[in-house]
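The values are calculated or read from the model by the stated rules, or taken from the named source; none is laboratory data. None of the values given here were measured: they were computed from a predicted structure. Using ideal geometry, Cβ is built from the backbone for each residue, glycine included, and neighbour counts are taken over all protein chains shown. Note: accessible area is taken over every heavy atom of the protein model, side chains too, but ligands, DNA and RNA are not part of it. Shrake-Rupley method; radii C 1.70, N 1.55, O 1.52, S 1.80 Å.
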Amino acid sequence: MYIILGCDEIGSALARTLSRSGEETLVIDNNEAVFAGLKEPNLRTLTADIPTLDIGSLPTKNTIAFILLQKTYADNLALANRIRKLFPDKFILSRATDEVEGAELSEHGVDRAVQTVRIITNALLNELEMAKVKRSVFRLVRVIQAATTRGLAIFLQDNPDPDAIASGFALKRIAEKYNIKSNIYYGGNIGHQQNRALVNLLKTDLIRLNTADEAMKILHEADKVALIEASIPSKNNILPIDAVPHIVIDHHLTDFSLVKGEFVEIIPKIGATSTIMTRYLRYLNIIPDPSLATALRYGIRVDTGGFTRNTTTEDLDAAAYLSPLLDTGLLNQIENPPMSAETMDIIGRTIRSREIRGSYLISFAEFINDRDALPQAAELMLQMEGVSTVLVFGIDKDKVQLSARSVDSRINLAFLLQKAFGFMNAGGHANMAAGSIDLGIFGDVNDKKSLSRITFDAVRKKFFSAAGIDLEKREIPDDLELMVGNSSKD
């Protein structure tokens, strides 16, 4: 049973809600007229002068909580003192005007003091947040609807992860609602076995591009261009540097002065771009099919590290919305694909070649074809005792690919990699980041042993220097700056 002492609008609404949910509720007030509308099952009323009421005479054997809704703070405080003396084991909930009242009520035995002003303010802020979503959705749809002739080209980040893949599919679904044709493009590879499984099981084609010239051709052929999970052309995406996408949707922190587009939505506080896309779908009343719901839910989970990093209430709300809609069988297939022999080999090489300096670990995987094995290796290395920050890197064709992880709250990995290798070559979050460095003239070196040594020395020097770790003095050729220093475009 719940006992409510004081019956204003809040008390009446609470009593109805409790009784309709099957809870026995007793409402007490000194004005019988306030009970006129309270005709609910499981609900009883009592007219009494609460300040002089014999609390001990109430049916309290099965009472779960007392709810104090007197008109004044002083009355609630006096009532709390009386109840606590008689029933030290009962839960007491009281209304308070501000933090000062709430603190004093807590000191006098109230288990929970609810500040009505704060509740109303939070409710209003939530509604205003919906106003932002409405504005964003209206502007996004307006851009999409303009692509009536040649359609929408959706570009993902290079080597797209589950968050990027799912977000691209979600934007394609929105375009379909308005009968706009669209295609999804990406640069790099989809090498991670879980990412490949995601694409295969979704049964939707992603078109791989190899050069910026190919991307430029598509720019000229499409009415509108979207960039997803990236924000600056050529920075972790295959768009040419002078391209201006019409739509940019991302959640990574960036230099906003370099971001251009008709519609730009970048929300670094949110843990996944899939969360942003889920908000759009919900506002547009587009219920994602099981495949899309599974992809979005998986994208959120992966980018938030299983809801353990960069996770906000928006991410949790989106995940809760998607959970009943997803295909659990599909999710199991995505999460448990077989690991390729090359991935195992790369992880093995990173284990053997690791170098530890204090709490920092760096490891060179040498020549690789599966770039997505690097983050898997980095996650594994981070589990080593005494290690809090990891950088794993390898040579993939004409680029050095970087993947970093950290559990050190003092470090912002995205800033650290950008400091070491240049703003245009790296980015990400405080505890997970990645980068890609053009080998430049060294990409033509035929002697792989020399290229491997030069690459290792250059990356090692740059990373530890940016981290403030002193290395023994080593003679490194000045032209190494061409690979790491001059390839930076910031």
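The angle between the Cα long axis of helix 9-20 and the main principal axis of the chain comes to about 80°, on a 0 to 90 degree scale. Taken over region 27-168, the convex hull of the Cα atoms encloses 245 Å³ per residue.
Between helix 313-322 and the chain there is an angle of about 90 degrees, using the helix long axis and the longest principal axis of the Cα atoms.
Among the GluC sites (Glu not before Pro) in region 185-239, none is located in a DSSP loop while being surrounded by at most 12 other Cβ atoms within 10 Å of its own Cβ. On the basis of the beta-carbon distance and an R0 of 41 Å, GLN145 and GLU99 show a calculated FRET efficiency of 0.30.
Alpha-carbon geometry of the chain: the Rg and the Dmax are 29.3, 95 Å, given in that order. Solvent-accessible area per residue in region 109-217 equals 50 Å², computed with a 1.4 angstrom probe and all protein chains kept. Surface analysis of region 8-97 yields an accessible area of 55 Å² per residue, using protein heavy atoms and a 1.4 Å probe. One chain, two ends: ASP470 and THR63. Fully extended at 0.36 nm per residue, the span grows by 139.9 nm beyond their Cα-Cα distance.
When the helices of the chain are scored as -39500 (n - 2.57) per DSSP H run of n ≥ 4 and the total is divided over every residue, the value at 222 nm lands at -12500 deg cm²/dmol. Protection proxy ranking for 144-154, 201-211, using the average of other Cβ atoms within 10 Å per residue and placing the highest first: 144-154, 201-211.
With a Förster radius of 35 Å applied to the beta-carbon distance between ILE207 and SER450, the computed FRET efficiency rounds to 0.45. With Cα atoms as the point set, the radius of gyration and Dmax of region 117-250 evaluate to 16.6, 58 Å. The average projected area of region 23-104, computed from the convex hull of its Cα atoms over all directions, is 5.9 nm².
Looking at region 8-89, which trypsin sites (Lys or Arg not before Pro) are in a loop (DSSP not H, G, I, E or B) and have at most 13 other Cβ atoms within 10 Å?
LYS39, LYS61, LYS71
Computed from the Cβ-Cβ distance with R0 of 45 Å, the FRET efficiency linking LYS177 to GLU9 stands at 0.65.
Classify region 307-373: rounded, prolate or oblate, from the alpha-carbon gyration tensor (a ≥ b ≥ c, eigenvalue square roots; a/c under 1.5 rounded; otherwise prolate if a/b is larger than b/c)?
On the way: a/c = 4.12, a/b = 1.67, b/c = 2.47.
It is oblate, given that a/c is not under 1.5 and a/b is not larger than b/c.
Mind checking the angle between helix 273-283 and the chain's longest principal axis? C-alpha axes, 0 to 90 degrees, to the nearest 10. The angle comes out near 50 degrees. With the convex hull drawn around the C-alpha atoms of region 391-443, the volume per residue stands at 62 Å³.
Kirkwood's formula applied to the C-alpha pairs of region 184-320 gives a hydrodynamic radius of 16.0 angstrom.
For ASN42 and HIS220 in one chain, what is 0.36 nm times their gap in residues minus the Cα-Cα distance, to one decimal in nm? Can you show the working numbers first?
Working: separation 178, 0.36 × 178 = 64.08 nm, distance 6.82 nm.
Gain on stretching ASN42 to HIS220: 57.3 nm.
Between rounded, prolate and oblate, where does region 352-436 land on the alpha carbon gyration tensor, with a ≥ b ≥ c its root eigenvalues, rounded for a/c under 1.5, else prolate if a/b exceeds b/c? The partial results should precede the final answer.
Details: a/c = 1.88, a/b = 1.14, b/c = 1.65.
The shape class here is oblate.
Based on alpha-carbon atoms, the Kirkwood radius and the radius of gyration of region 117-175 give Rg/Rh equal to 1.17.
How much accessible area per residue does region 218-361 have, counting only protein heavy atoms and a probe of 1.4 Å, in square angstrom?
Details: 5980 Å² over 144 residues.
Averaged over the residues of region 218-361, the accessible area is 42 Å².
For the listed residue pairs LYS235/LYS269; LYS134/LYS203; LYS181/LYS203; LYS217/LYS399; LYS399/LYS462, the alpha carbons are over 25 angstrom apart in LYS134/LYS203. From most to least packed by mean Cβ count within 10 Å, the peptides 255-264, 341-350 give 341-350, 255-264.
Only Cα pairs under 8 Å and at least 6 apart count here; give the relative contact order of region 218-286 as a rounded whole percent. Each step should come with its number before you reach the end.
Numbers: 92 pairs, mean separation 17.2, N = 69.
Relative contact order, region 218-286: 25 percent.
A simple spin-label model places the labels of PHE91 and PHE307 2.1 nm from each other, with each point 7 Å out along Cα-to-Cβ.
Counting 0.36 nm for each residue step from ASP457 to ILE286 and taking away their Cα separation leaves a gain of 56.4 nm.
Model label sites at LEU128 and ASP408, defined 7 Å from Cα along the beta-carbon direction, differ in position by 3.9 nm.
Please figure out what share of the DSSP beta bridges in the chain is antiparallel and state it in percent, rounded to the nearest 5. Could the numbers behind the result be given before it?
Working: 21 of 66 bridges.
Counting DSSP beta bridges with both partners in the chain, the antiparallel share is about 30 percent.
Protection proxy ranking, highest mean first, for peptides 452-458, 400-406: 400-406, 452-458, where packing is the per-residue count of other beta-carbon atoms within 10 Å, averaged.
Could you tell me what percent of the accessible area of the chain is made up of carbon and sulfur, with a 1.4 Å probe and every protein chain present?
Of the solvent-accessible surface of the chain, carbon and sulfur hold 51 percent.
Using C-alpha pairs under 8 Å with a sequence gap of at least 6, the mean separation divided by the residue count of region 383-457 gives a relative contact order of 27 percent.
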